[in-house]
Amino acid sequence: MTPQMRWFLLAIAVASILSSCSTEIMATPPCDRPTNQWVLVAQSVPSATFLPCVDVLPLGWSVSEVTYESGSYTAWFDAVRAGRNALQVTLTAACDVSHAAEVPDKIAPSGTRAYEDVMTLRPRFQENRYLTFPGGCITYSFRFTESAQPMVALEVQRALDVIPRARVQRAVASLGLTLCGAGSPPCPG
């Protein structure tokens with residue numbers, strides 16, 4: 001069996017096993033319990049030492065679309081008060097923060113750095129926030145409708161968090177399997 005085939009079978013097995021732990025299948029990884037989405041996000045960006053996750057979304061916010069691709073994970077969020085695709089959360093191996101200002105982030109985990117690039121407040125709130133760390137970057141892109149107040153971003157910010165990749169690796173290891181990538185054997189191919 002080729003290494004790529006073993007990798008594919010591992011992904012299917014882990015996703016199946018972890019999804020059976022919960023009757024609720026979320027489109028974005030929750031922060032509080034292991035799910036198959038944790039593994040899918042981790043596989044999307046194997047170098048990332050942290051992964052984006054979502055606590056309970058505030059009233060009026062919902063996930064509209066999610067993509068898992070080789071090299072990136074993206075989730076789009078709609079908001080009743082801010083419009084369709086008001087927030088896009090993207091995980092990549094790196095990002096350019098040269099145009100952004102570093103900001104103190106009291107809730108960011110140790111080993112990460114936070115940046116902010118406010119493009120416009122009026123007539124439409126548009127901002128990119130970045131969380132950088134070894135092997136990855138999470139970009140939070142806010143693109144509100146003209147009628148939305150910038151303060152609406154604070155609602156959803158409380159729900160956005162990260163989980164250490166090591167936590168996902170431990171969850172997978174408890175099943176007798178190994179998740180490749182940062183802190184583990186390199187991924188094949």
Only one of 154, 160 is closer than 15 Å to residue 57 by Cβ, surrounded by fewer than 19 Cβ atoms within 10 Å (Cβ to Cβ) and out of contact with any Ser or Thr (no Cβ under 9 Å at 6 or more places or on another chain), namely 154
Failed item, numbered, when residue 108 is tested on (1) in contact with a Leu (Cβ under 7 Å, 6 or more places away or on another chain); (2) buried (at least 18 other Cβ atoms within 10 Å of the Cβ); (3) within 22 Å of residue 57 (Cα to Cα): (2)
Could you check region 168-179 and list, in sequence order, the residues that are part of a helix (DSSP H, G or I) and surrounded by fewer than 15 Cβ atoms within 10 Å (Cβ to Cβ)? 170, 173
Give the residue that is nearest to residue 77 (Cα to Cα), with candidates limited to residues of region 119-141 that are in contact (Cβ under 8 Å) with a residue 60 or more places away in the chain and surrounded by 21 or more Cβ atoms within 10 Å (Cβ to Cβ). 138
Count, please, the residues in region 73-102 that happen to be among the β-branched types (Val, Ile, Thr), over 22 Å from residue 164 (Cβ atoms) and surrounded by 18 or more Cβ atoms within 10 Å (Cβ to Cβ). 0
If we ask which residues in region 85-106 are out of contact with any strand residue (DSSP E or B) (no Cβ under 7 Å at 6 or more places or on another chain) and either of a type in the set (Gly, Ala, Ser) or in contact (Cβ under 8 Å) with a residue 24 or more places away in the chain (or both), their number turns out to be 1
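No value in this document is a laboratory result; all are computed from the given coordinates. Since we're looking at a predicted model, the values are computed, not measured. We place every Cβ from the backbone using ideal geometry, glycine too, and count neighbours over all the protein chains shown.
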